[in-house]
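Trainee: First the structure, which I've put down as structure tokens, then a few questions once you've had a look.
Any read-out appearing in this document is the output of simple, stated calculations on the displayed coordinates, not a laboratory observation. Here the structure is a predicted model, which means the values were calculated and not measured. Backbone-built Cβ (ideal geometry, glycine too); neighbour counts: all protein chains shown.
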Amino acid sequence: MAEQTRHRPFDMAKLTSVPYLVWMLLFTIVPLGMVVWYAFTAYPNTDFTLQNFAGVLKYGKTFWKSIYLSLIATVVCLIVGFPMGFIMSRMSERGQRTMQMLIMLPMWMSFLLRTYAWMTLLENEGLINKFLGLFGIGPFQMINTQGAIVLGMVYNYLPYMILPLYSVMVKIDQSVIEAAQDLGADGFHVLIRVILPLAVPGIVTGITMVFVPSVSTFIISRMLGGGSNLLIGDLIEQQFLGSVYNPGVGSAMSLILMVMILLIMGVINRFDSDEMEGMLV
Amino acid sequence: MKRKLSLLLAVLTAASAAAAFSSCGSSSSAKPTLKVFNWGEYISDGQDDTLDVIEMFEEEFNCNVQYDTFSTNEEMYTKLASGSVEYDIIIPSDYMISKMINEDMLEPIDYDVVTNAANLMERFKTTDYDPGNAYSVPYTWGTVGLIYNTTMVEGTPTSWSALWDENYTGKILMFLNNRDAFGIAEKLLGYSQNSTNADEIQACADLLKDQKKVKPNYVMDEIFDKMEIGEAALAPYYAGDAVTMISENPDLAFVVPEEGSNVFIDAMCIVKGTEQYELANQFINFMCRDDVAQANIEYICYSTPLQTVYDNLDEEIRSNEIIYPDDEVLSRCESFVVLPDDTNQLIQDLWNEIIAE
């Protein structure tokens, strides 16, 4: 009997996870199953086929371009976000709260509107070129370039890099850094030997949270890339809302993209062997 | 064919969807509900002292109307075909209507109820996509043409080839929509816009690829912004939207190129299997009534197919060649019909190759 009472709180805890499990089943597992189903069937029939995957092959270049641009965006976010996260973590509590607020602030506005705003900023007749024009510089071609797409990704997803980095770094005790310094480590070695290893879980989370939405975006490339720098997200959208309704090929593309993301995440996660406390998701 | 500011529409659609959600819970009365699916910004909605057409209909016919919007024909079709939504009334464009007739997705119109359709201009009483208007009643129409900035373009461009002119490199916009983009190439090469000949379509794709030399910017809704501020010099688009752009920037002008162009018709249809067949016919009849049709056409700036509505418009609008082009212009225009699936697939594959490269 004693054992049963000890188990009860545990069962209750299990029970509280039911709403989320139902949610996940309905909106993650079932749709995922449908993607797999469509990817392997010849719509509108239900015969098994690999034809959809053959249809994806010719878009290899676009897959590569999406991954390439997202990797650049992720690296830029890391380079900008890492020092920012560290500086934030060393601030007074009040300072930290203010910075958190400032970083989250843009996210209160619609993602679409913010990207649209960048379009009008970067255009040849846009605000930036008009301003430069006052000094006789330019105009520079900024809109409709791959650079503009990377900028859009960095701008939109930077908070997702800074926040996990900050949340891990804020747990690094100042005395650890001081101890390293007392033992003769210079600034560079404190960074490489102390801060960086302790920040790995945050780095991994940050990379995941920037890379995954970047690689699958379609609105950033469409608005800032001028429609001629299509990414894989745009191609997937075309399969469903283009002139041909092609859920098979669209699902096959999504599935390949998911597998590729999983592989890349798998590689990155190897660096983060057992330190999982920084994970936000 | 209206793709005006889909950003705003996305927000509005979300809002109307939310409204639809909440109204589901509260309306316990036995009033019938008519579900209408239309282009965004495509009905007089009571803004700025215009008629609130939907509210009027609800009062006159003692019913509820659930009104939602879409931004492309394909989006509307995908939603209906997948069975994820149910509507009684839809307002698609010509080629989509013929596709849906072929797939048995529409109910025939009951002309004993839709008596106001007698007021249609003669040339809208039968159409290429739906002979005798058996399944659809024209709502609006318009042409596709070339919008250009008179301060940036010398003279009047009379040919679609202006979109391939290297003098305007980087200042050219192009449809981000394969049917319209191929339609321009087809006209330029002297083919039909409904060609199913694989060689002709390949030639169009080569021509569209060649256009890359002028670094076109592929857009839909973004065109309003880019033409109005002078970011671009030339763009193909829909006549009704050109009127809106010209009212924002008087330096802009519109021309239907001499090779000819597309004339589109958006028409009201009843979805197969509707439970409100009678009410749906009454709605279409109501939308063709003079006062309602006039309020709608004044609101959306497109062209009306109804004779008395046209007669009652301001002289200024009636004589506007962009909205009501003369017969000579119309004789050069062709309307889209549905293409077979393999042709659509070919066009889409070639198109993806063109823009993804």
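Trainee: Give me A:89, B:319 sorted ascending by neighbouring Cβ count inside 10 Å, so fewest comes first. Display every interim value, and only then the final one.
Mentor: Values: A:89 21, B:319 10.
The fewest-first ordering by Cβ neighbours comes to B:319, A:89.
Trainee: Could I ask something else about it? Mind checking the mean number of beta-carbon atoms from other chains within 10 Å of the Cβ atoms in B:65-76? Intermediate values should be presented prior to the final figure.
Mentor: Values: counts 0, 0, 0, 0, 0, 0, 1, 3, 2, 7, 2, 1.
The per-residue average across the peptide is 1.
Trainee: Taking Cα pairs under 8 Å and at least six residues apart, what relative contact order does region A:59-269 come out at, in percent?
Mentor: Working: 225 pairs, mean separation 56.8, N = 211.
Result for region A:59-269 is 27 percent.
Trainee: Using helices alone, I'd like the mean residue ellipticity at 222 nm for the protein assembly as shown: each DSSP H run of four-plus residues gives -39500 (n - 2.57), total over residue count, nearest 500. Kindly include the intermediate steps, with their values, before the conclusion.
Mentor: On the way: 28 runs with 333 residues, N = 638.
Helix contribution divided over all residues of the protein assembly as shown: -16000 deg cm²/dmol.
Trainee: Residue by residue through region A:51-68, what is 3J(HN,Hα) from phi via Karplus (6.51 cos²θ - 1.76 cosθ + 1.60, θ = phi - 60°)? Round to whole Hz and write x for glycine and proline.
Mentor: In residue order, the calculated couplings are 4, 4, 6, 5, x, 7, 3, 5, 9, x, 4, 5, 4, 4, 5, 4, 5, 4 Hz.
Trainee: Now for a different question. Going by C-beta contacts inside 10 Å, put A:104, A:265 in order with the fewest on the left. Walk me through the numbers on the way to the answer.
Mentor: Details: A:104 12, A:265 15.
Least to most surrounded, the residues fall as A:104, A:265.
Trainee: Per-residue mean of other chain beta-carbon atoms within 10 angstrom of the beta-carbon, peptide B:267-273?
Mentor: On the way: counts 0, 0, 0, 0, 0, 0, 0.
For peptide B:267-273, the averaged partner shielding equals 0.
Trainee: What is the ratio of the Cα radius of gyration of region A:59-269 to 2.2 N^0.38 Å, with N the residue count, to two decimals?
Mentor: Details: Rg = 20.1 Å, N = 211, 2.2 N^0.38 = 16.8 Å.
Here the Cα radius of gyration is 1.20 times the empirical estimate.
Trainee: Right, here's the next one. Setting aside same-chain residues fewer than 8 positions from residue A:171, which aspartates and glutamates have a Cα under 19 Å from its Cα?
Mentor: Once the sequence-local aspartates and glutamates are set aside, what remains near residue A:171 is A:93, A:272, A:274, A:275, A:277.
Trainee: Now a separate question. If amide hydrogens are placed 1.01 Å from N in the peptide plane, which non-local residues have theirs closer than 5 Å to the one on residue B:34?
Mentor: Under 5 Å from the amide H of residue B:34: B:64, B:65, B:66.
Trainee: Using each residue's phi in region A:34-49, evaluate 6.51 cos²θ - 1.76 cosθ + 1.60 at θ = phi - 60° and report the 3J(HN,Hα) Karplus result to the nearest Hz, with x for Gly and Pro.
Mentor: These are the phi-based 3J(HN,Hα) values: 5, 4, 4, 4, 5, 5, 9, 10, 8, 4, x, 7, 10, 6, 5, 8 Hz.
Trainee: If you don't mind, another one. Could you pull out every residue, at least 5 positions away or on a different chain, whose amide H is within less than 5 Å of the one on residue B:268? Hs are placed 1.01 Å off N in the peptide plane, and Pro or chain starts have none.
Mentor: B:137, B:139
Trainee: Hey, another quick one. Please work out whether the protein assembly as shown counts as rounded, prolate or oblate from its C-alpha gyration tensor, where a ≥ b ≥ c are the square roots of the eigenvalues and a/c under 1.5 means rounded, while otherwise a/b larger than b/c means prolate and anything else oblate?
Mentor: Values: a/c = 1.98, a/b = 1.52, b/c = 1.30.
Prolate, since a/c reaches 1.5 and a/b exceeds b/c.
Trainee: Related question: With a point put 7 Å past each Cα toward its Cβ, work out how far residue B:161 is from residue B:259 in nm, to one decimal.
Mentor: 0.9 nm
Trainee: May I pose another question? Restricting the calculation to Cα positions, tell me the Rg (one decimal) and the Dmax (whole number) of chain B in Å.
Mentor: For chain B, the Cα radius of gyration and maximum Cα-Cα distance read 20.3, 64 Å.
Trainee: Spelling out what I want: for every residue of region A:252-268, take phi, set θ = phi - 60°, compute 6.51 cos²θ - 1.76 cosθ + 1.60 (Karplus), and round to whole Hz; glycine and proline get x.
Mentor: Values per residue, Gly and Pro as x: 4, 4, 4, 5, 4, 4, 4, 5, 5, 4, 4, 4, 4, 5, x, 5, 5 Hz.
Trainee: Please order B:269, B:288 by the number of other Cβ within 10 Å, starting at the fewest.
Mentor: Details: B:269 28, B:288 24.
Ascending number of Cβ neighbours within 10 Å: B:288, B:269.
Trainee: With contacts defined as alpha carbon pairs under 8 Å and 6 or more residues apart, what's the relative contact order of chain B in percent?
Mentor: Numbers: 595 pairs, mean separation 94.8, N = 357.
Relative contact order, chain B: 27 percent.
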